[in-house]
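Visitor: Take this structure, written in structure tokens, and hold onto it; I'll ask about it next.
Each reported figure results from applying straightforward, stated rules to the coordinates on display, with no laboratory input. Not measured: the values here are computed from a predicted model. Glycine gets a Cβ as well: all are built from the backbone with ideal geometry, and neighbour counts include every protein chain shown.
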Amino acid sequence: MRAPSLVLSILLVGCGGRQLGDGVDPGLDAAADGSADVSDSASDSATEDAPIVDAPADVPVEVGPGDRKKVCDALIAAICGAPTKACCEASKIPFDIDACTAGTRSWCGFRMDQVEAGIVKFDGSKLDACAKGYVAAFSTCNVDFLSYISGIQPCSQLFDGTRAPGDTCNPKIPDQCKGGGGFAFCDEKLKRCRVYQINGVGSLCNYTGSTVRYCDKGLYCDAGGSGTCKVAKKTGDACVGPGDLSCGIEGNVCKDLKCQPGLPGGASCSTFDECSSLSCDAGKCGSIAIGMATPEVCNGTSTTG
């Protein structure tokens, strides 16, 4: 079974699923000049069997790279536990714990191989936070973008690459890219490393480039002005018209010169700024939430052949 695509590339990019941030990153394709093909290939590797539990096992604050089984057991418990089962069933996707376990073990084993080969760095102090991030995301099941990135950011630091934002990378090989204090991934289209950050009020923000800086909840990016995060307007507040993002990126848009809820996922649209997700594709609004349940995670069914 392939490593589960959308969710399991620490967490979601580079294994064949839709790009992280679809619908909330209007500048995705403007990130870097050109792309470079990297011919490296990767294969999954398995480790020993481990018991399955319904929640992450307690893990020490520090876990060394040699503790492969302990690391993988904790991640399996987080990814294939009761919240994931409930999420899959609520999404009407059959759940197979054996397939989820096998896929997650293979996924984890490959990453530990990369650590042992010196391709990525390992920070065992992030294991507990990473596992809790998975549990929280699956417990929510359809999680908003900002909460998702905040919750699983420790996973990008658990297995951290060495290639800087903008460097060439191979989307088939996860964890090459260095996240630092953000969420790193290899952009499938550009074949270059990118990093997502979530910043607070007064911090820099931007939607394009190799490092994308989103503003945290309750804020918006004053991209055409100061280039910093500011407090977002509330529903009913005045705004200047379509394209005014001062209403925030949590569902509100500027319509009829007032901040009001945008169109829901699946609604007909003409432009991205009509939709709560800031995504209009083929005349339909995208969803503001990331669906955690996928066939690959739930039962090992590949969606890409």
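Visitor: Which of the trypsin sites (Lys or Arg not before Pro) found in the stretch 212-305 are in a DSSP loop and have at most 12 neighbouring Cβ atoms, other than their own, within 10 Å? Present the calculation step by step, with values, prior to reporting the outcome.
Guide: Working: sites: Arg213, Lys217, Lys230, Lys233, Lys234, Lys255, Lys258, Lys284; in loops: Lys217, Lys233, Lys234.
When the trypsin sites (Lys or Arg not before Pro) of the stretch 212-305 are filtered for loop state and at most 12 Cβ neighbours within 10 Å, Lys234 remain.
Visitor: Also, I was wondering about something else. If the viscosity is 0.890 mPa s and the temperature 25 °C, what translational diffusion coefficient in µm²/s does Stokes-Einstein give for the stretch 71-222 when Rh comes from Kirkwood over Cα pairs? Walk me through the numbers on the way to the answer.
Guide: Details: Rh = 16.4 Å.
Stokes-Einstein gives a translational diffusion coefficient of 150 µm²/s.
Visitor: Which of the lysines could be linked to Lys191 by a straight reach, that is with a Cα gap under 24 Å, when you skip same-chain ones fewer than 8 residues away?
Guide: In chain and number order, the partners are Lys121, Lys172, Lys178.
Visitor: Can you list residues whose amide H is under 5 Å from Cys275's amide H, if they're 5+ apart or on another chain and H is modeled 1.01 Å from N?
Guide: Excluding prolines and chain starts, which carry no amide H, the hits are Leu263.
Visitor: Residues with amide H under 5 Å of Val253's amide H, sequence separation 5 or more or different chain, H placed in the peptide plane at 1.01 Å from N; which?
Guide: Long-range HN contacts for Val253: Gln260, Gly262.
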